[in-house]
1. Once you charge only the Cβ atoms, +1 for Lys and Arg and -1 for Asp and Glu, what is the size of the charge dipole of the protein assembly as shown about its Cα centre, to the nearest 20 debye?
2. Out of the GluC sites (Glu not before Pro) in segment B:188-282, which ones are loop residues according to DSSP with at most 15 other C-beta atoms within 10 Å?
3. Over chain A, what relative contact order in percent results from Cα pairs under 8 Å that are six or more residues apart?
4. If you build a Gaussian network model of chain A, linking Cα atoms that sit under 10 Å apart, which residue out of A:ASN124, A:ASN11, A:ASN221 swings the most?
5. Students often get this wrong: which residues of segment A:55-80 have the backbone nitrogen under 17 Å from the point 7 angstrom along Cα-to-C-beta of B:LYS140?
6. For segment B:206-281, compute Rh as the Kirkwood radius over C-alpha pairs and then the Stokes-Einstein diffusion coefficient at 20 °C and 1.002 mPa s; write the answer in µm²/s, rounded to an integer.
7. Which of the chymotrypsin sites (Phe, Trp or Tyr not before Pro) across segment A:22-117 are loop residues per DSSP, with 13 or fewer other Cβ within 10 Å?
8. Once the Cβ-Cβ distance between B:GLU120 and A:LYS151 is put in as r, and R0 is 56 Å, what FRET efficiency do you end up with, to the nearest 0.05?
Number of protein chains: 2
Amino acid sequence: MNRVVIALGGNALLRKNDRQDFITQVRRAKEALSSIADVINDHQVVITHGNGPQVGNILLQNEIAREQVVPMPLDVCGAMSQGLISQAIFQAYESIRVSTGIDKDAVSIFTRTLVSADDEAFDNPSKPIGPFYTDEKARKLKEQFGWPLVKITGKGWRRVVPSPTPIEILEAGVIKSLLADNYLPIGVGGGGVPVIKTESGYRGVEAVIDKDLASAVLATNVGADSLMILTDVDHVYKSFGTDDEEAIGKISLGEMKSILENNRFENGSILPKIRAALNFVENGGKRAYITSLEYGKRAMEEDYGTVIYSD
Amino acid sequence: MNRVVIALGGNALLRKNDRQDFITQVRRAKEALSSIADVINDHQVVITHGNGPQVGNILLQNEIAREQVVPMPLDVCGAMSQGLISQAIFQAYESIRVSTGIDKDAVSIFTRTLVSADDEAFDNPSKPIGPFYTDEKARKLKEQFGWPLVKITGKGWRRVVPSPTPIEILEAGVIKSLLADNYLPIGVGGGGVPVIKTESGYRGVEAVIDKDLASAVLATNVGADSLMILTDVDHVYKSFGTDDEEAIGKISLGEMKSILENNRFENGSILPKIRAALNFVENGGKRAYITSLEYGKRAMEEDYGTVIYSD
């Protein structure tokens, strides 16, 4: 029996062309969990998840209703998305339990992630979130709230927020105990609610934490054997989308670091996953998998997908 | 050391004339937690809470943004409110920990409450929720979603939803373990997300569970010694608001049941609290307190407030 942190990508719960209703999210969650049902049954598993589409929708609702309802800060919207997605995952998991007979209760833990108030990301907000705005609206929002915004050609302005580096998952201790007690903990939703340490205790900050980097920190904090990042590609590819495209299979930490130095990977999508996988193995983890949703089980059993192991 | 479930009323986090922003909710949560800090330190405590104003705001945002963002069902909005309120309570608690030195981690558990699909409340939706609608809008909503609505004189139409009886708190087991491990669990937010048992597992239903009744069920499920319902009155009163008004102090289960039979109490506010208190003591609990927020500590120490004890 291994201890595994499985990070579900945003697409596990909602895809671009999906209708954004709740039933669709439950259906997607069922597809995702079906493919890892055996892993959940046979191992100590924590499920973590992204929240991109969901928190985007919540921010948009907050924005549109602004005149009538005081909007919540970004970190609180993230906390709300943890509730929403928990409910989708619970409903999917309960249905899978009935069909598979898995004897393990899921528990969703509201999760906070510690970041440093001195993180340089706070001086350089880079992560676009929420709706697109017209020139006029963008100017007003900047005036009113001091938001930094970036213009995306042909689409309009978008708010950008800092994406600081996760240091510690504050709920790692309780998640570890729950694993030992045969629970299936669900946590670190959307990378966790970002908090900084202040003289009056931990305080939420308006930022977005990369959920893969946060999942790697959790995996280290709970002493997991493996980190499994499930996404929409079956492998990490060198020279992706070119004629020289080449899938990366089982690979040592050192080799993967060298590939990372000598190749370009897309910052928005695969790069944080590679970094998360490397961080985990560098911090003592045995195996980090990056593969697509449907291959979760196969990855564990046959080392399928991109598998980074410690040297 | 006693095991105590403390149920915070909606007014613990937001009052009628408060600005509805997040900082105000944190400030209110600090006031509430300050008054029970010693109880948290000296006893095994679970905190439960209402979500009236918060889920009302979320529903209103969903409604206003309906054309652009697919609204979430009521149970999912309830789950979202658990995330929102957790963040407020955490921030307040962390600040109180710094000032008092309490050595106990809070953990918030997304909580589901089992109700019966056959509960007659489903045939008789009675709990008004969300915004007020005009005649025209109400007609459309009824047509489009089949919502039952009621007209409230001078204010317009309001959606009504079933308020079924809570049977079991699905997360009671994990909350009990957390208590034993010296955590401060936060749960049963808004009465818990209502679920029914179906052939394909537990499924969320659009309903609202009374948070005091649900807290009483939790208190029974975790084998609590006491249930403490903190609200905006220092005692339950017989003939409240009349010249014969009389505070009810320490009273046996039997006496309180007899008072309940022979007096009228307001259904919307104090009655469910009395019923919750009676249920808990009838099911083996030692003491149920009903008093105002600021007297939580005094209630425990001096049996202040309305205190129902087993015969």
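1. I would put it at about 1280 debye.
2. B:GLU199, B:GLU245, B:GLU266
3. Over chain A, the number comes to 21 percent.
4. Answer for the Gaussian network model of chain A: A:ASN124.
5. Residues passing the 17 Å test: A:65.
6. 161 µm²/s
7. Sites meeting the loop and neighbour criteria: none at all.
8. Working from the Cβ atoms, E equals 0.45.
The values are calculated or read from the model by the stated rules, or taken from the named source; none is laboratory data. Bear in mind the structure is a predicted one, so any value in this text is a computation, not a measurement. Neighbour counts are summed over all protein chains in view; Cβ atoms, including those assigned to glycine, are modelled from backbone coordinates with ideal geometry. These accessible areas exclude ligands, DNA and RNA; they are computed on the full protein's heavy atoms, side chains included. Shrake-Rupley method; radii C 1.70, N 1.55, O 1.52, S 1.80 Å.
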